[in-house]
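Notes follow once the structure below has been shown.
The values are calculated or read from the model by the stated rules, or taken from the named source; none is laboratory data. Not measured: the values here are computed from a predicted model. Backbone-built Cβ (ideal geometry, glycine too); neighbour counts: all protein chains shown. Note: areas computed on protein heavy atoms with side chains; ligands, DNA, RNA excluded. Shrake-Rupley method; radii C 1.70, N 1.55, O 1.52, S 1.80 Å.
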Amino acid sequence: MDTAADITAMRRAITLAARGLGSTSPNPVVGCVITDAAGAVVGEGFHQRAGGPHAEVHALRAAGERARGSTAYVTLEPCDHTGRTGPCSQALLAAGISRVVYAVADPTPGAAGGGDTLRHAGVRAEQGLLADEAEAGNAAWLASVRRGRPYVLWKYAATLDGRIAAADATSRWITSPEARADVHRLRAEADAVLVGSGTARTDDPQLAVRGIDGVTQPLRVVVDTNATAVKPGARVLDDTAPTLVAVADDAPAGHLPEAAVLRLPRAGAGPGLDITALLGALHTRGVRSVLLEGGPTLAGAFVAAGTVDKVVGYLAPVLLGAGPAALADAGISTISRALRLDVTETVRIGPDLRITAVPAPARKGN
Ligand SMILES: NC(=O)c1ccc[n+]([C@@H]2O[C@H](COP(=O)([O-])OP(=O)(O)OC[C@H]3O[C@@H](n4cnc5c(N)ncnc54)[C@H](OP(=O)(O)O)[C@@H]3O)[C@@H](O)[C@H]2O)c1
């Protein structure tokens with residue numbers, strides 16, 4: 001049975017895991033806490049970057065000899081395979097850990113099985129403690145493994161009457177500095193930040209994380225079918241972070257840095273590029289989470305393709321009365337086909353409201 005001490009240790013491991021958000025892809029975020037027989041914490045660690053030691057290895061190093069006979073709490077099933085680092089199941093065995101409590105089973109084919117390896121070697125290995133909390137902390141990575149494409153969070157900032165720009169296309173700034181700082185946190189947690197050519201043309205956004213120390217900058221992606229929106233000198237091409245400009249196979253893109261050009265097929269039906277191919281190409285490059293920052297036309301295409309996994313809307317107490325809505329055509333023509341969402345959180349951010357929602361279970365299936 002799980003004790004209060006078990007829960008405290010696992011919750012600490014989940015907190016540690018979150019420190020890796022934005023810098024571990026294509027790996028998951030993982031936290032680990034090791035406690036001795038008296039329940040005292042003797043080692044802690046989290047996975048900091050792909051290619052670096054796993055959480056368990058950091059925690060085992062911190063624990064040293066005190067790991068013998070101890071309990072390890074891990075947010076994800078210890079890996080059982082040799083990648084850039086050795087299997088954590090073997091590292092835990094070698095250190096003499098006698099009990100392993102992990103929250104979520106590893107769904108990766110080839111990496112799973114660490115729990116069984118530990119059990120077969122005589123270690124008490126238990127799965128499921130605080131599984132929902134640990135799963136939420138790793139939502140993007142787990143979804144990307146299960147769906148074979150990056151997890152997509154669509155974020156927008158709108159007035160209370162649902163507009164993301166004024167009639168003359170000006171949109172700076174609808175929301176408060178506090179809300180905009182919060183967006184930089186979302187960027188920092190994402191592997192890639194994505195906008196459409198309309199936004200690139202109107203706003204010339206830099207799409208980098210600002211105001212957060214030591215951050216791993218996300219990949220910046222502009223979907224610019226005909227290679228006409230991103231011009232030499234565009235802010236998104238500065239050297240703050242890597243950039244990809246997704247263009248059609250046949251687009252003339254000689255004015256763009258060669259390494260920045262991502263060639264993709266056009267959409268089979270409708271305008272622009274094939275969204276599934278775009279997400280597939282990003283997944284191949286190790287991107288596990290995408291922050292879709294609009295605008296409304298591209299967001300509509302993502303909704304139509306069934307590829308929005310989470311929505312974060314910042315609503316400002318501002319009225320415009322005219323101007324584009326947050327979401328353009330998403331292929332929904334009647335109320336019975338509306339994409340219904342479940343609200344998972346509402347928070348006041350300065351004068352604004354942040355609403356987080358996910359597709360309601362009946363409509364997920366994407
Ligand atoms: N407040 C906010 O949160 C927010 C956020 C972002 C933008 N904005 C505002 O939104 C406005 C721009 O929005 P927008 O809707 O015109 O532009 P957008 O959504 O940024 O870009 C739309 C363009 O993306 C390209 N695209 C490529 N593949 C596509 C596909 N499969 N489906 C649809 N489009 C695809 C299309 O142009 P090509 O095919 O020619 O490339 C399309 O016209 C600006 O005023 C900006 O300030 C506000």
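A few points about this structure:
- Accessible area per residue for the stretch 253-366, computed on protein heavy atoms with a 1.4 Å probe, is 50 Å².
- Backbone N under 19 Å from the Asp329 label point (7 Å along Cα→Cβ), restricted to the stretch 256-279: 266-276
- Taking a point 7 Å from the Cα of Thr344 along the Cα-to-Cβ direction, the residues of the stretch 178-219 with backbone N closer than 20 Å to it are 182-194.
- Principal-axis analysis of the Cα atoms of the chain puts helix 177-189 at an angle of about 60° to the longest axis.
- Computed about the Cα centre, the dipole magnitude for the chain is approximately 100 debye when only Lys and Arg (+1) and Asp and Glu (-1) carry charge, each at its Cβ.
- Tilt relative to the chain, helix 4-18 - C-alpha long axis, 0 to 90 degrees, to 10: 40 degrees
- Across the stretch 36-138 the C-alpha pair distances fall into 5 Å bins from zero in the proportions 3, 14, 25, 28, 21, 9, 1, 0 percent.
- Packing, taken as the mean count of other beta carbons within 10 Å per residue, orders the peptides 10-16, 251-257 from highest to lowest as 10-16, 251-257.
- The residues neighbouring Ala246, those whose beta-carbon lies less than 13 Å from its own, together hold a net charge of +1 under the Lys/Arg +1, Asp/Glu -1 convention.
- Shape class for the stretch 138-276, computed from the alpha carbon gyration tensor (a ≥ b ≥ c): rounded, with a/c under 1.5.
- Among beta bridges that DSSP assigns inside the chain, antiparallel share in %, nearest 5: 40 percent
- Net charge of neighbours whose Cβ lies under 11 Å from the Cβ of Ser70, counting Lys and Arg as +1 and Asp and Glu as -1: +1
- Rg over Rh, two decimals, the stretch 104-212 (C-alpha only, Kirkwood Rh): 1.16
- C-alpha long axis of helix 275-284 to longest principal axis of the chain, angle in °: 40 degrees
- Where labels lie 7 Å past Cα in the beta-carbon direction, separation of Asp116 and Ala166 in nm: 6.3 nm
- In the chain, the portion of solvent-accessible area held by carbon and sulfur atoms comes to 54 percent [1.4 Å probe, whole percent, DNA, RNA and ligands not counted].
- Taking Ile212, Ile335, Ile164 in turn, the Gaussian network model of the chain (Cα-Cα springs below 10 Å) assigns the largest fluctuation to Ile335.
- Three-way shape call for the stretch 200-248 based on the alpha-carbon gyration tensor, with the a/c threshold at 1.5: prolate
- The helix-only estimate of mean residue ellipticity at 222 nm for the chain, built from DSSP H runs of length n ≥ 4 each weighted as -39500 (n - 2.57), is -7500 deg cm²/dmol after division by the residue total.
- Extension gain, Ser98 back to Asp238 (0.36 nm per residue minus Cα-Cα distance, nm): 45.3 nm
- When the Gaussian network model of the chain links Cα atoms closer than 10 Å, the mean-square fluctuations of Gly286, Gly45, Gly83 top out at Gly83.
- Arg147 paired with Thr15, simple spin-label distance in nm, labels 7 Å along Cα-to-beta-carbon: 3.1 nm
- Scattering profile of the chain at q = 0.06, 0.11 Å⁻¹ [log10 I(q)/I(0), Debye over alpha-carbon scatterers]: -0.26, -0.80
- The stretch 263-366: C-alpha gyration tensor shape, a/c 1.5 cut-off, then a/b vs b/c: prolate
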